[in-house]
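The values are calculated or read from the model by the stated rules, or taken from the named source; none is laboratory data. Remember, it's a predicted structure, so these values are computed and weren't measured experimentally. Ideal geometry is used to build each Cβ from the backbone, glycine not excepted, and the neighbour counts take in all protein chains shown. What goes into the accessible areas is simple: the full protein's heavy atoms, side chains included, and nothing from ligands, DNA or RNA. Shrake-Rupley method; radii C 1.70, N 1.55, O 1.52, S 1.80 Å.
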Amino acid sequence: MEERFMREAIALAEKAKKKGEVPIGAVVVYRGKIIGKGYNLRTKLQMATAHAEVRAIDRACKKLKSWRLPESEIYVTLEPCPMCMGAILNARIDRVYFGAYEQKGRSLTGALAEANLLNHTVEVTGGVLQEECAAVLTSFFSEMRQREKQKKK
């Protein structure tokens with residue numbers, strides 16, 4: 001089950017990649033069904049908050065007509081940043097599954113999950129299809145560096 005939903009998130013990350021966005025995808029699942037999807041669109045929308053998780057949560061809230069998403073899970077291809085973990089906690093999502101680990105040390109996933117903020121805690125599982133999720137990001141940044149090298153020639 002975890003892999004099925006993570007593959008949906010990876011497909012969304014690929015959409016972001018095709019648009020020149022950092023390839024991160026997310027899906028919110030409620031009672032076994034996807035109710036919200038999102039991928040990064042920060043550059044296109046010029047919005048700091050246009051992260052995959054925030055966009056997926058927004059769609060899920062609209063679907064359920066509630067800002068609370070208990071009994072929900074979110075699957076995201078990269079370990080959520082502090083802003084996205086805040087949105088996850090605020091939405092009262094029960095569980096986070098992520099693929100690749102944030103390598104630059106900017107994530108507070110574990111600390112925020114344990115903090116019992118807003119009288120809510122969230123379970124976190126990392127490393128779901130980790131290699132596949134990381135490969136999408138690695139190829140994006142590799143291709144971006146190649147394009148930058150070509151521009152300098």
Fill in: Residue, surrounded by the most Cβ atoms within 10 Å (Cβ to Cβ), within region 127-138, restricted to residues that are part of a helix (DSSP H, G or I), without any contact (Cβ under 8 Å) to a residue 40 or more places away in the chain and not charged (D, E, K, R)
ALA134
Item to complete: Inspect all residues belonging to region 62-69 and state whether any of them is touching a residue at least 24 places away in the same chain (Cβ under 8 Å) and among the small types (Gly, Ala, Ser).
Response: no
Worksheet item: Restricting attention to region 55-79, which residues are open to solvent by 40 Å² or more (accessible area, probe 1.4 Å), over 15 Å from ASP94 (Cα atoms) and in contact with a Phe, Trp or Tyr (Cβ under 9 Å, 6 or more places away or on another chain)?
Response: ARG55, LYS63, LEU64
Worksheet item: Tell me, which residue of region 1-51 that is within 20 Å of SER66 (Cα to Cα) and of a type in the set (Ser, Thr, Tyr) is surrounded by the most Cβ atoms within 10 Å (Cβ to Cβ)?
Response: TYR30
